[in-house]
Each structure stands twice: as structure tokens, then as C-alpha cells.
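Here the structure is laid out as C-alpha cells; the discussion comes afterwards.
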Amino acid sequence: MAEHVEGVELRAALLRMRRATGLPVAFGGLLRGDGRRMRIAELSGALTPALDGLAISTGSGLGGKALALSRPCAVTDYPSARHITHEYDGPVSAEGLRSVIAVPVVVRRKVRGVLYGALRDALPIGDRTFDAAMAAARDVEQALAVRDRAQEAGVPSWDEVRRAHGELRDLAPRIDDPELRERLLAVCGRLASATGGTGAAPELSLAPRELDVLAAVATGATNAAAAERLGLRPETVKAYLRSAMRKLGAHTRLEAVVAARGAGLLR
């Protein structure tokens, strides 16, 4: 599920990069496993599958250099560039790429991935293109940061509470000590009361679009990304989000996500 969500955000960021810069090709991926390797997971504008799934090691090629240095790197003519290694010349040439920029995605000072933009001509990459590529990377960084914070501050879903309640009630008859058994049943009673007596979440109503917007925010989507995903204007997304926050008694996007999950409205 997390990889699917990250894929949505990467695709949206790459598309925005292409629109803002006019670059014909954009691609990228996030680090996995030991944090030393990433795979190109998303392609936008590619004519061949040559780059799809390509494993990038830290320090290797242009993207690997961006990973290692934690800063944007660019070359005007990839095949003849002297300041990068050339393990990936085959796939890059197969796609016909010449001028390439690689921008790291950095969250809490930790590199999480790389976004690339490329031309099929050996032309210098200007400041405007650099700025737009970095803005796309910042969008992904924000999405990952919000998702990380939501996971860190997350509360168990009501389904989990109900399952725990059921397991405790199943255990109670097996306890020989009468006093301990009564204490356990008392705890079960408090859990039942807290969930409305039947384990159901307290009744709270959000409009379908409010839920849609919260679900997008829960994945770390920015307002712009949520608007693109839902086919709405960013201003409309903001309005739905404000309404949902008011109903949930939340003051921030993160509080709204946590409250909605706690009420069983989001998974």
C-alpha cells in the first residue's frame, strides 16, 4: 500500500516537472531496503522501457552522485560526462537521453530518492529548469514527511480495538484467579464503553468529498496533488479540508488524519 501511494505522488511530481520545464522525459524512484540502492519506479514521457526498474547504487551514475552528495547534479551530455561513472550508459543511450538533471528527495536530512529530468539534445539546463525540478522534489518530500508524521502519531483503528477487546474476553474464562479474571472483565467493560458499547466508533459524519480529501492527505498528498487526483480545484480541496478539520475538532492536517483514523473513517 505504501509503495502504491508513493507511486501516485512520484507520478504527479514528474508530470508537474515536465509541464513546468518543458523537459520531454522525467523519471525517478525512492530508496528501498538498506538505503543504498533505488530502482527507477516511475517514468513520464519515456519512449522505451530501458530505464524501467533500473537499479541505481549510491555513488554510481548521475543519480547515484546526487544520492551520495545530497544535492542536485546535472550533465550537458551524459555519454561524455567526465564527473560521473558510466554504469548506466546503455539504458540512457537506449532512451536517447543527453542532457540530464538529478535532484535528490531529502526528508529530515535523509536522502529518500531521486527525481530526474532529461533532454534528448546536448543542451545546457537553465536555472528555471533547475528550480522547477527542485520544486517537484520538494512536493515529494512534503508528501513523505506528512505520511511519516501520520504514521508516527497514528492511533489504532477501531477494528484493531474491537479485535483486542474480543481476544481479552476470550482469555477471561481461562484465568483461574477470580480476582484477576474480574479485573480483566472490568477492563473489557471499559473498552466496550469507550467504543459505544458494541465496539463501534463514535458516530461522526463527513461528506464523501471530505473523506476523499482526507484520504488523499493521509497518503501525504499536497493540496495540489489531491486536487489533481480527485479532479478538483486546489481551492475546493482546501474548503473540504477546512470543513473536515472543523467537524473533527482538528487544528492541523495531521490532527485531522489521526482523528479520522481514530473514528474509523480512514484505514
note = Contact list, first residue from the stretch 84-100 and within 14 Å of GLY45 (Cβ to Cβ), second anywhere and in a helix (DSSP H, G or I) and of a type in the set (A, V, I, L, M), beta-carbon distance below 7 Å, six or more apart or interchain, is VAL100/LEU62
Selected residue [closer than 17 Å to ALA118 by Cα, of a type in the set (S, T, N, Q) and either at pLDDT below 95 or outside the structural domain of ARG147 (by TED's automatic domain parsing) (or both)] from THR21, THR76 = THR21
task = For the stretch 109-153, name all the residues that are in contact (Cβ under 8 Å) with a residue 40 or more places away in the chain, of a type in the set (Lys, Arg) and part of a loop (DSSP other than H, G, I, E, B).
result = ARG120
inquiry  = Quick test of your reading of the structure: ARG11 fulfils all but one of (1) outside any helix (DSSP H, G or I); (2) within 24 Å of ALA226 (Cα to Cα); (3) free of Cβ contacts under 8 Å to residues at least 40 places away in the same chain. Name the failing condition by number.
reply    = (1)
task = Just give me the residues in the stretch 203-235 being without any contact (Cβ under 8 Å) to a residue 24 or more places away in the chain and exposed (fewer than 15 other Cβ atoms within 10 Å of the Cβ), in sequence order.
result = GLU203, PRO208, GLY231, ARG233, PRO234, GLU235
query = Within the stretch 79-97, how many residues are touching a helix residue (DSSP H, G or I) at 6+ places or on another chain (Cβ under 9 Å) and closer than 16 Å to PRO24 by Cα?
reply = 3
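Please go through the stretch 236-252 and give me each residue that is surrounded by fewer than 19 Cβ atoms within 10 Å (Cβ to Cβ) and under 22 Å from LEU144 (Cα atoms), ordered by number.
LYS238, ARG242, ALA250, HIS251, THR252
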query = Limited to the stretch 255-267, what total is found for residues that are at pLDDT below 80 and surrounded by fewer than 17 Cβ atoms within 10 Å (Cβ to Cβ)?
reply = 1
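The values are calculated or read from the model by the stated rules, or taken from the named source; none is laboratory data. Computed from a prediction, not measured in an experiment: that's the story for all the values here. Using ideal geometry, Cβ is built from the backbone for each residue, glycine included, and neighbour counts are taken over all protein chains shown.
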